[in-house]
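Working notes, structure below.
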Amino acid sequence: MPAIPSRTSRSLPSALLAIIPLVCLVAAGCGSSETPGGTAKPGEPAIASQAAGTSAAASTKGIGQVDPDTLDSYRMKTTMWEKGGDKSKGSMIQVEWVKAQKAKRTTMGEGPSAMELIAIGDVTYAKNMGTWVQQPAATPSAQSQKQTDDIMRQLSEKYALTEVGRETLDGVLCRKVTYSGEATINLPEGPMRGDIKARGQGTMWIADQPGLPAVVVRNHGDSETTMKSPVGRGDLTIAMSSEMELTDINKPIVIQAPVGATIPPTAAAPRSADTTPAAAVTTARTPAATPDRTPAPLGTVATAPPSAQSETSVSAHTFTDEFNGSYNRSWRGTPGVEAKVTPSARNGFVRFTAGPGNDLFPATNMDAPTLWRLVTADFTAETAVEFAPDESYQGAGLFAWQDQDNFVRLERCFGGMGGGDSGICFLKIENGEPKLVADANTVATAANRVEFRLRFSGGNKVDAWWRDAAAGPQAPWKVVGSTALALRSAPQAGVGTGIRVGILLAVESPSGTRADFDWFRLGK
């Protein structure tokens, strides 16, 4: 299940976001030959009687998951919002399923900004900003799958159910039960590293009529998640509510592939920058000394630092934007959840505003506000940003993105993986693993207006520079560092194939913040 972006959930791993649905699925699928309530029929949940005043025994034997995809068809609507807050301001996911087609349509959000996915067999279509593009079927990362499996195991051992009545919903006779469950995840690294404890409780309605498996037809629940504050201010607790409705069970539903979807080539044509033999690329990406997986002083990264010659100005700009009261409408972007990009807040700048948890980091979430262009060859990107971060983690600057498992970020920052206070951070994500090239300890600065340069060349080399804008446009660029990352052109939803290059604001601190970008330039 994809992460549901909401104010209370966006800084959590996707596996944790699923705790309430998982509580339901585990509970609905559990059944053992002997329970306090009597003998359960095959495929039926073992639920204690309310009159007996007891709950189901937590036994791993016979406990399974009743997947709604075992049904011939259904529609599902899930809404999540801050507990005690306004439900209308929550986030929504709607799903349609047709078993005979192996087809599923998923819609995230509502209105023009909604994102839509259609999966038919092994082919997936994604709609973003009004355009459909065909792409390979998504597969969960090994880390995400491991976390989900661990939650399932814990919930199968730590749940309680009590039957409180029977009701008919959408023509389906159901058992109405209350439930509770809990799970713990350990994140080894990242802003939220450490133990994250989640507890869920609520009421659910489980199908109980001939011809139907014991799927959850309705769930109304609350959850509470506790983790260490990323800035060392004790524990941080997040509470949210959710509602799920399963309707149109085994009724006619039609899911069709979108007409006119962009179909990228089955094998991307090699770019001139990608002609380096595989052996050479492997050698370049394998450090001879200490990998840059952990923070290290500048000069110990795998690749050589940028040369003096490479610090010269960009030879030709293929795209520029000075943000004079507006921004170029050819920009693409992801606005983020409860974040915004405003071109008119300050004359001559584009303002990025983000709240807690608008980040671009595999262990947390991917909803940082961004503006980006699509490139298909070597590039040099430059920008100037006014930004005064004061909590961990806050960062604003440049990024280059292949996909959620492979990208780089160059930012004016505060805190982060390597610790420290105010400085420059250069982070790469390679195959889903974060690796610091530089951080606020190795490149410290209190400058609130900085300029960045990020260069990708040779198919796998990324160089980064910065300078204090107060020193003037003739001031020399200062080396941040270099790293090896073989960015490849990849399908980008609703746009085409290439690498996203642009600007972003990333926030994982308890408080929100803003950054003003003065200009952006893209060239060779």
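Among the listed pairs K83/K435; K89/K176; K428/K478; K99/K197; K83/K104; K99/K176, those whose Cα-Cα separation exceeds 31 Å are K83/K435; K99/K197. Within the shell defined by Cβ-Cβ distances under 10 Å, the residues around D405 carry a net charge of -3, with Lys and Arg each +1 and Asp and Glu each -1. For region 345-461, the relative contact order works out to 23 percent when only alpha carbon pairs closer than 8 Å and six or more residues apart are counted. Given a Förster distance of 25 angstrom, what is the FRET efficiency for K77 paired with D222, based on the Cβ-Cβ distance and rounded to 0.05? Computed FRET efficiency for K77 and D222: 0.90. On the beta carbon distance between D468 and K524, with R0 = 30 Å, the FRET formula returns roughly 0.70. Largest first, the residues R166, R455, R329, R199 sort by 1.4 Å accessible area into R329, R166, R199, R455.
Put one equal scatterer on each alpha carbon of region 410-467, apply the Debye formula with no solvent term, and list log10 I(q)/I(0) at q = 0.16, 0.20, 0.27 1/Å to two decimals. Scattering profile of region 410-467, log10 relative to I(0): -0.50, -0.74, -1.12. The stretch between K478 and A388 holds 30.4 nm of extra length on full extension. This uses 0.36 nm per residue minus the Cα-Cα distance.
Backbone phi angles across region 388-393, fed through the Karplus curve with coefficients 6.51, -1.76 and 1.60 (θ = phi - 60°), yield HN-Hα couplings of 10, x, 9, 9, 8, 10 Hz in residue order; Gly and Pro are listed as x. Rounded to the nearest Hz, the phi-derived 3J(HN,Hα) couplings of region 453-467 under the Karplus curve 6.51 cos²θ - 1.76 cosθ + 1.60 (θ = phi - 60°) are 9, 10, 10, 10, 8, x, x, 7, 10, 10, 10, 9, 9, 8, 7, where x marks glycine and proline.
The smallest convex shape that holds all Cα atoms of region 416-524, its convex hull, gives 151 Å³ per residue. For T262, neighbours were defined as the other residues whose beta-carbon sits under 15 Å from its Cβ, and their charges (Lys and Arg +1, Asp and Glu -1) total +1. Each Lys or Arg adds one and each Asp or Glu subtracts one; over the other residues with Cβ under 13 Å from the Cβ of T318, this totals 0.
The calculated FRET efficiency for E322 paired with S457, based on their beta-carbon distance and R0 = 30 Å, is about 0.70.
Label sites at V123 and D150, each approximated as a point 7 angstrom past Cα along Cα to Cβ, lie 3.8 nm apart.
Each of Q134 and K87 was given a label point 7 Å from its Cα along the Cα-to-Cβ line. The distance between the two points is 4.1 nm.
Proximity of backbone amide H atoms, modeled 1.01 Å from N, is registered between F319 and L522 at under 5 Å, excluding neighbours fewer than 5 places apart on the same chain.
The label-point distance for T70 and T203, in a model that sets each label 7 Å from Cα toward Cβ, rounds to 2.6 nm.
Full extension of the segment from I253 to E433, taken as 0.36 nm per residue of separation minus the current Cα-Cα distance, would add 60.8 nm.
The values are calculated or read from the model by the stated rules, or taken from the named source; none is laboratory data. Because the structure is predicted, anything quoted here is derived from the model rather than measured. Methodologically, a virtual Cβ is constructed for each residue, glycine included, from the backbone with ideal geometry; neighbour enumeration extends over all protein chains shown. When the accessible area is computed, the model is the full protein with side chains, heavy atoms only, and any ligands, DNA or RNA have been set aside. Shrake-Rupley method; radii C 1.70, N 1.55, O 1.52, S 1.80 Å.
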